[in-house]
Every structure is written in structure tokens, then in C-alpha cells.
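S.K.: Structure in C-alpha cells, see below.
Read-outs: derived from the displayed coordinates by stated rules, not from any lab. For clarity, every value in this text was computed on a predicted model and none was experimentally measured. Because the Cβ atoms are built from the backbone with ideal geometry, glycine has one as well, and the counts that use them run over all protein chains shown.
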Amino acid sequence: MIKKLRGKFILINMTFVISILTAVLGIFYYTNIKRIERQAEMVLLQAIDHNRFNRPPDKVEFGRRPKEDLTPFTPVFVVTLNRDHSINNIWENNITVTKELASTLIQLTEADSSHKGVLKDYSLRYLKMDTMEGTKIAFADQGYEWNNLKALLINCLLILFVSVILFLILSLYLSRLALKPVETAWKQQNQFIADASHELKTPLTVILANLQILSSHKECTIKDQEKWLDNTKEEAARMKQLVEELLFLARSDAGTVEAAQITKAPLNFSDIVLNGVLLFESVAFENKVNLENDIEPGITLEGCEAQLKQVITILLDNACKYAGKNGAVSVRLKKSAHHVVLTIQNTGEPIPLEEQKHIFERFYRTDKSRVRKEGGYGLGLSIAKTILEQHKGKIGVSSSSETGTIFTISLPLSE
């Protein structure tokens, strides 16, 4: 799919580029054709009035720039006619013309009522003008004109070809650059679907197996089958939790989280954190973890209480799980000028540096062997990050063997 999308991107881009270049170069070529035609007509005018253009420089009026004489290098000749349309004189410049050829050309021009035109069979451009000396017809060889047009056409085609090659290379680069986020999102979506399917498959398999056992012992009472019923209930609850978490993330991605869930109000964040710590004291005691806190009182901010409690629960749950036996968890809440900073630090095995940038991804877990043992699906940190982003906050992580694992949350204070 990504390759097809990249191909369409390049095709559309090159279609627009080639269309624009063709239009621009076409207009440029057309305007130069008209310019060369006007230049050729100027040559004919100068040839007809060659006596004035051949005046000495001192005859030119002071302060006025003389017109450029275009005739010296252009094959041109002027035929002056008598009143009876017979040839009176032939003025030649860089060309030799016989009277027979001149007579033939005169007949062709007189057959045309226009005072200017082109004799295609002779590759000549002509211009007729009545003067005091009589009717003058100037002829100019179109060879110089055609050479200019040919050179101009070759240059335009060369520019078009080089530009297309350069824009093609640029399009290839831009297609990779522009579609890189799409490719990443596509891979993440496929991985997300695969992980979700795998996580849903496990509890469903257990539930179906339990039901199969129950159906094979129809003579037993509910009391006798309580083990399998409790197991089924536990797996159904796990699956319900997973579906709710997936639904929350899907709504967040689509921007359709229910209004009731994101209704913000002034909150005492110090109390929320403290209550979260008190709630996990029993969990820490069971896991033989020392839970400490240093919470600055009276810190208020605007937010959704339920969602912020969920963030605290997720982080404290992870800290207590991975602190290890006889480990320690430290919770600190401080206020700065415009933000409130919450840090949750725990001992235990550090998170490798290459994995720290992935722990906020969905279904990502650094220790997959403890997934079923510890519970959870690797969605907690992703949900926490999503909630904090909705509150215009940030979350980061650092981990080392000396300091342990530290999650840092920054939230804006209420004005």
C-alpha cells in the first residue's frame, strides 16, 4: 500500500510539475516568437529606410539614443517600384537577387492584399510601404529567424528535460519524507491490531476452555464447578478492561472522547497524589516495597479528576510492580513558576536506553515474560501519555542503575 501511495504521490506531483513547466516554457517560447517576428519587421523597416539609418552620427539629435541597426547581419533586399509597378531599383544587403527573381516575388506579394506576410516557398518575410520615392517592398531571409527559433526550442526542451529529471529526484525524496509518518502509522496500526488480537485471544481461549469443561460435567453443581466459574469471571474481567482501554485510546485518536470524561475543573492536585499514595500503601507492603512521599500541599490546577487519578494509579502500579523485593518507591510533588512537577522514582532493574523511547507505545513491554504474571497489556503508559496530552502536560522517563527509573510529569498550573 505504501509503495502504491508513494507512486501516486510522485505521479500527481510530476503531472503538476510538467504541466506548469510546459505552460511556462510555452508562454516563454510564444512571447519570443512574437519578439523575433517584431525584430524581423524592424529589420524590414530599417531596410526600407536604410538611407536614414546610414546617416552620420552627428546628424542624430542630442539626448536621444539612436535606434539599433539590425540590418548589417541580416540577408535583406529592398525593391523600389515605379508607378507602373516596374522595378526601379534593388537595394541588397548580404544577398544577391536577380531581376527575374525579384519580379516573381513582386507578383506574389501583389497577389496578397496584406502589406506584410511570409512567402513560405522562398522562406522570405516581406513588408510593403509607400514612400516619396515610390512603393518599396522589403524582403528578409527567414534563415536567421528560423535559427533563433530552433535554438530557442532546443533550449526550452533541454530546460524542460533537466527540470523534469531534477523534480523527479526531488519527488522521490519528498515522497519518502512526506510518507514516512504515514508508513510509521501504518506499521503501528498493523502492530496494534496484531497485539490487540493476540491479547483478546488469550482470555477468550481460557473462557472457551472453561465453558467446555463445565459443559462436560453437567451433573456437577455450581459449587463443584466454582473454580472454573471464577477463572472465567477473572478472564472476562481482564478482557473487559482491555476493551475499555482500547476504546479509550481509539476515542482519543479520533478526538471523540466523551465530554464528561474531559470536563475540567479546579482540583487540589496535592490531595489527588496523596490519596493515590495512600491507596498503594497496602500494595507496596505486600510487595515488600518502601513507599515514601514528599508532596507539597495546596497545589491546584484545572483538569479531569478521574483521568488524573488514573494517571497516578498507572504510574504507582508500575513503580510498585517493578521496584523489586525490598525495593523503594519515592513520590515527589513540587510547584514551579508556571508548572507542577510530579516525579515517581522506583528501584529495580533499569530500563535499557534503546527501550525508553518505546515504553509509551501501545502494547510495548520491556519484560514480556512477566505479562501474564504481573497483569496488564502494555497500554497503561500509553493511556497516561494520552491523558496528560489532553491536559497540555508532558511525561518523560529516565532510567539507570544508579538512580533507578524516574517518571517525570509536568502539568500547567491553573491561572
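S.K.: Report Rg(Cα)/(2.2 N^0.38 Å) for the stretch 290-362, keeping two decimals.
M.R.: Values: Rg = 13.9 Å, N = 73, 2.2 N^0.38 = 11.2 Å.
In units of the 2.2 N^0.38 Å rule of thumb, it is 1.24.
S.K.: Please state, rounded to one decimal and in Å, the Kirkwood hydrodynamic radius that the stretch 262-412 gives when every pair of distinct Cα atoms enters the mean of 1/r. Please report the intermediate quantities before stating the final value.
M.R.: On the way: mean 1/r = 0.0640 Å⁻¹.
After inverting the mean inverse Cα-Cα distance, the result is 15.6 Å.
S.K.: So what is the orientation-averaged projected area of the stretch 172-312, using the convex hull of its C-alpha atoms, in nm²?
M.R.: Seen from a random direction, the Cα hull of the stretch 172-312 projects 15.2 nm² on average.
S.K.: I've got another one for you. Membrane-span-like helices in the chain: DSSP H runs reaching 30 Å or more (Cα, own axis), mean Kyte hydropathy at least -0.5? Walk me through the numbers before you get to the answer.
M.R.: Values: long enough: 2-48 (68 Å, 0.79); 143-216 (103 Å, 0.74); 226-254 (41 Å, -0.67).
Flagged H segments are 2-48, 143-216.
S.K.: Another question about this same structure. Report the convex hull volume per residue for the stretch 75-140, counting only C-alpha atoms, in Å³.
M.R.: Values: hull volume 5.2 nm³, N = 66.
Each residue corresponds to 79 Å³ of Cα convex hull volume.
S.K.: OK, next. With charges only on Cβ, +1 for K and R and -1 for D and E, what is the dipole size of the stretch 75-140 about its Cα centre, in debye, rounded to 20? The partial results should precede the final answer.
M.R.: Values: 7 positive and 8 negative charges, 33 e Å.
Dipole of the stretch 75-140, to the nearest 20 debye: 160 debye.
S.K.: Over 42 Å apart: what share of the alpha carbon pairs of the chain falls there, rounded to a whole percent?
M.R.: Working: 45665 of 85905 pairs.
Here the tail beyond 42 Å accounts for 53 percent of pairs.
S.K.: Once you've got the Cα coordinates, tell me which of K309/K392; K264/K309; K321/K394; K357/K394; K34/K116; K335/K392 are over 18 Å apart.
M.R.: Numbers: K309/K392 16 Å; K264/K309 13 Å; K321/K394 23 Å; K357/K394 14 Å; K34/K116 15 Å; K335/K392 16 Å.
The answer is K321/K394.
S.K.: T300's amide H: which non-local residues (gap 5+, or another chain) put their own amide H closer than 5 Å, with H modeled 1.01 Å from N in plane and none for Pro or chain starts?
M.R.: F269
S.K.: For the stretch 277-347, run through the trypsin sites (Lys or Arg not before Pro) and keep only the ones in DSSP coil with at most 15 other Cβ atoms within 10 Å of their Cβ. List each step's numbers first, then the result.
M.R.: Numbers: sites: K288, K309, K321, K325, R332, K334, K335; in loops: K288, K325.
Qualifying residues, ordered by number: K288, K325.
S.K.: Over all pairs of distinct alpha carbons, what does the Kirkwood formula give as the hydrodynamic radius of the stretch 103-237, in Å? Numbers along the way, then the final one.
M.R.: Details: mean 1/r = 0.0408 Å⁻¹.
With all distinct Cα pairs of the stretch 103-237 included, I get 24.5 Å.
S.K.: Given the stretch 243-361, what percent of its DSSP beta bridges are antiparallel, to the nearest 5? If you can, show how the numbers build up before the last one.
M.R.: Values: 11 of 17 bridges.
Rounded to the nearest five, the antiparallel share is 65 percent.
S.K.: Amide H of G404: which non-local residues (sequence gap of 5 or more, or other chain) have their own amide H closer than 5 Å, using H built in the peptide plane?
M.R.: When sequence neighbours closer than 5 places are left aside, there are no close amide H contacts.
S.K.: Could you compute the FRET efficiency for N94 and I20, with r as their C-beta to C-beta distance and R0 at 30 Å, rounded to 0.05? Present the calculation step by step, with values, prior to reporting the outcome.
M.R.: Details: r = 42 Å, r/R0 = 1.39.
With a Förster radius of 30 Å, E is 0.10.
S.K.: Still on this structure, please answer the following. State the answer as a single residue: which of A237, V311, V24 lies farthest towards the positive end of the charge dipole of the chain, with beta carbon charges of +1 for Lys and Arg and -1 for Asp and Glu, about the Cα centre.
M.R.: Sorting the options by dipole projection puts first V24.
S.K.: Going by amide H atoms built from the backbone, whose H comes under 5 Å of the H on N293, apart from near neighbours?
M.R.: Answer set, sorted by chain and number: V331.
S.K.: Can you list which of the trypsin sites (Lys or Arg not before Pro) found in the stretch 216-251 are DSSP loop residues with at most 14 other C-beta atoms within 10 Å?
M.R.: Working: sites: K218, K223, K227, K233, R238, K240, R251; in loops: K218, K223.
Those that pass, being in a loop and sparsely packed, are K218, K223.
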